[in-house]
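Below: the structure, in structure tokens.
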Protein chains: 2
Amino acid sequence: MGKKGIPEIVIERLPRYYRCFRALRGKREKISSHELAAEMHTSASQIRLDLSHFGGFGLQGYGYNVEELHTKLGQILGVDQAQYYVIVGAGRLGRAIANFPVFQEVGFSLAGIFDIDDSVIGQDIGGVRVSHADGLARFLGEHPVRIGIITTPAEAALGVAEIFRAAGVGGILNFAPVDIAPTRQLPVTNIHLTDRLLSLSWRIMHREQEQDVSRKDVCSLQNTTKE
Amino acid sequence: MGKKGIPEIVIERLPRYYRCFRALRGKREKISSHELAAEMHTSASQIRLDLSHFGGFGLQGYGYNVEELHTKLGQILGVDQAQYYVIVGAGRLGRAIANFPVFQEVGFSLAGIFDIDDSVIGQDIGGVRVSHADGLARFLGEHPVRIGIITTPAEAALGVAEIFRAAGVGGILNFAPVDIAPTRQLPVTNIHLTDRLLSLSWRIMHREQEQDVSRKDVCSLQNTTKE
């Protein structure tokens, strides 16, 4: 549970609401919770409950104002502020992330990218020159970096996380195949792509015995931006 | 809830157990649930409860046999079988995924990679030549592909998912910023990296008001493989 007892699952769903309202902008002015539920393959009561954690947005009999919700959800998520991130690990995954246009569109700018491989240092990735990781701590002391992204091999990840922690970086998005423990002051999101592949593999093997998959976590609304 | 009422969260945690036992192999023969709990920053009762969904593994007073658990969890996850996947979208993210050595190590082989951009068709990525997406349906009809990975822009993703569905692909791992709905016969894992960045941003903004973050989803064991 997070702030005011907001369940983690609601916090994880919040960006999806933001994404849906973002996709609706310019297409319609308002949307009822029932219409939104149909678009998102969920229930109107789920939507009202989820959004109630962040304040009372909708008006009875009117629905949600698309532009207003997009703005308010953006504020709640912090996308109204300029935020900087760095990437440590300039391999293929680091390069892919450095070039995600969506990160820029939601307010996140790449401040630096670091590696220890002399053959990539100095290269331009996503408009930023790759620096040697030896300079990471100094860089973090001189720049307001909110998020540290780790795309190193597993054996380097914990050391990089410690540099982020010591420098007071706000949070860590970790792609290395090692779990980095969050603390009260340092939220961490571990994204293990192999784990997701394996749990999908389990679902495939057991799909015939499964009950029909809940559709509540699905939003059919297409985001108009690319990743 | 999945098969036999196994909670989704347990299925999502299963690869982490597999990863931990994989990391322990060769280092020790057996481990008690209390020792494993300390390694994984969780509780022994949580571990026993999670693993009880898949059969009774541990022996009272002995603990878990590392090699046996690694093998059994691998069987449960399907990594003991050769599995093939294709990637549609040969951009930076698709290339990064095509080159993840861990996918190969857990038994998943890249069978094909597809794009619509003539300038990348014919290139070698991860040991596989990029083919034109026009040939995707025919390829799927001729090869036993278990998992379809989508790394296209959002506007192409639903069309690709429909080709996968029609061809009887086992499941979809989708990275495009659009939610693809799972069905009874077609499990889908949507991985939205921007959503994870945004929910992390929310946590950073609210960290001071938060209760101490639960550590139960953390495993300090380092995987010895690279992604």
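The values are calculated or read from the model by the stated rules, or taken from the named source; none is laboratory data. Keep in mind that this is a model prediction, so the values were computed, not measured. Cβ atoms come from the backbone with ideal geometry, glycine included; neighbour counts cover every protein chain shown. Remember, those area values only see protein heavy atoms, side chains included, never the ligands or the DNA or RNA. Shrake-Rupley method; radii C 1.70, N 1.55, O 1.52, S 1.80 Å.
Roughly speaking, what is the stretch gain from residue B:12 to residue B:123, that is 0.36 nm per residue apart minus the C-alpha to C-alpha distance, in nm to one decimal?
Taking residue B:12 through residue B:123 to full extension adds about 36.5 nm, to one decimal.
How many partner chain Cβ atoms sit within 10 Å of a residue's Cβ in peptide A:170-182, on average, as a whole number?
Whole-number average of other-chain Cβ neighbours for A:170-182 is 6.
Figure the gain on full extension for residue B:142 and residue B:48 (residue separation times 0.36 nm, minus the Cα-Cα span) and round it to one decimal in nm.
29.6 nm
I want to make sure I understand the PRE zone here: with the label point 7 angstrom from the Cα of residue A:165 toward its beta carbon, which residues in the stretch B:25-57 have backbone N atoms less than 18 Å away?
Counting backbone N atoms under 18 Å from the label point, the list is B:38-42.
For B:138, B:28, give me the order by solvent-accessible area with a 1.4 Å probe, most accessible first, ignoring ligands, DNA and RNA.
Largest accessible area first, the residues go B:138, B:28.
Between residue B:55 and the same site in the other copies, what are the distances in nm, shortest first, taking label points 7 Å from Cα along the C-beta direction?
5.3
Considering only protein heavy atoms and a probe of 1.4 Å, how much of the accessible area of the stretch B:64-178 is carbon and sulfur, as a whole percent?
Whole-percent figure for carbon plus sulfur exposure: 49.
Partner chain Cβ atoms within 10 Å, averaged over the residues of A:87-97 - can you pull that number for me?
So the per-residue partner count for this stretch is 4.
So if I place +1 on the C-beta of Lys and Arg and -1 on the C-beta of Asp and Glu, and nothing else carries charge, what would the dipole magnitude of the stretch A:3-75 be about its Cα centre? I want it in debye, nearest 20.
Once rounded to the nearest 20, the dipole reads 140 debye.
With all protein chains present and a 1.4 Å probe, how do A:71, B:189 order by accessible area, largest first?
Per-residue accessible area, sorted high to low, gives A:71, B:189.
Quick one: net charge around residue A:131, please, counting Lys, Arg +1 and Asp, Glu -1 for every other residue with C-beta under 14 Å from its C-beta.
For residues surrounding residue A:131, the net value is -4.
Give me, ordered by chain and number, the residues 5 or more places off residue A:188 or on other chains with an amide H under 5 Å from its own placed amide H.
Those qualifying (amide H under 5 Å, at least 5 residues apart or on another chain) are A:172, A:183.
At 7 angstrom along the Cα-to-beta-carbon line, where would the label on residue A:143 sit relative to the other copies? Give the distances in nm, shortest first.
Its label point is 4.0 nm from the equivalent points in the other copies.
So what are the radius of gyration and Dmax for the Cα set of the stretch B:24-63, in Å?
When restricted to Cα atoms, the stretch B:24-63 yields Rg and Dmax of 10.0, 26 Å.
Write down the Kirkwood hydrodynamic radius of the stretch A:83-195, to one decimal in angstroms, obtained as one divided by the mean of 1/r over all alpha carbon pairs.
Averaging 1/r across every pair of different Cα atoms and inverting gives 13.8 Å.
Let me know the mean shielding of A:10-16 by other chains, meaning the per-residue number of their Cβ atoms within 10 Å of its Cβ.
What the average comes to for A:10-16 is 5.
Over the stretch B:3-74, what is the relative contact order in whole percent, taking alpha-carbon pairs under 8 Å and six or more residues apart?
44 percent
Mind grabbing the base-10 log of I(q)/I(0) for chain B at q = 0.07, 0.10, 0.18 Å⁻¹? Debye formula, identical points on the C-alpha positions, no solvent, two decimal places.
Ignoring solvent entirely, the Cα scatterers give -0.28, -0.57, -1.33.
Just the Kirkwood number for the stretch A:3-75, please: inverse of mean 1/r across all distinct Cα pairs, in Å, one decimal.
Result for the stretch A:3-75 stands at 12.3 Å.
For q values of 0.22, 0.31 Å⁻¹, compute log₁₀ I(q)/I(0) with the Debye formula on a Cα-only model of the stretch A:80-128, without solvent.
Each listed q maps to, in turn, -0.73, -1.25.
Could you tell me the accessible area of residue A:72 in Å² (1.4 Å probe, neighbours in place), rounded to the nearest ten?
So the heavy atoms of residue A:72 present about 70 Å² to solvent.
Tally Lys and Arg at +1 and Asp and Glu at -1 over the other residues with C-beta under 12 Å from the C-beta of residue B:23: what net charge comes out?
Around residue B:23, the charge tally is +3.
Treating the angle as unsigned and between 0 and 90°, give the value, to the nearest 10°, between the Cα long axis of helix A:66-77 and the longest Cα principal axis of chain A.
On a 0 to 90 degree scale, this one is about 40.
So if I take the centroid of the Cα atoms in the stretch A:17-43 and the same for the stretch B:4-61, what is the distance between those two points in Å?
40 Å
Show that you can apply the helix-only estimate: for chain A, add -39,500 (n - 2.57) for every DSSP H stretch of four or more residues, divide by all residues, and state [θ] at 222 nm to the nearest 500.
Only helices count here, giving -12000 deg cm²/dmol.
How large is the Kirkwood hydrodynamic radius of the stretch A:45-132, in angstrom, based on all distinct alpha carbon pairs?
15.5 Å
Smallest Cβ-to-axis distance in chain A, for the rotation taking A to B: which residue, how many Å?
Minimum Cβ distance to the axis, with residue: A:96, 2.
Alpha carbons only, please: Rg and Dmax for the protein assembly as shown, in angstrom.
21.7, 64
In terms of modelled amide H atoms, which long-range or inter-chain residues lie less than 5 Å from the amide H of residue A:113?
A:87, A:131
Along Cα→Cβ at 7 Å, what distances in nm separate the residue A:82 label point from those on the other copies, shortest first?
From this label point to the equivalent ones elsewhere in the assembly: 5.4 nm.
Going by amide H atoms built from the backbone, whose H comes under 5 Å of the H on residue A:125, apart from near neighbours?
Here A:130 satisfy the definition.
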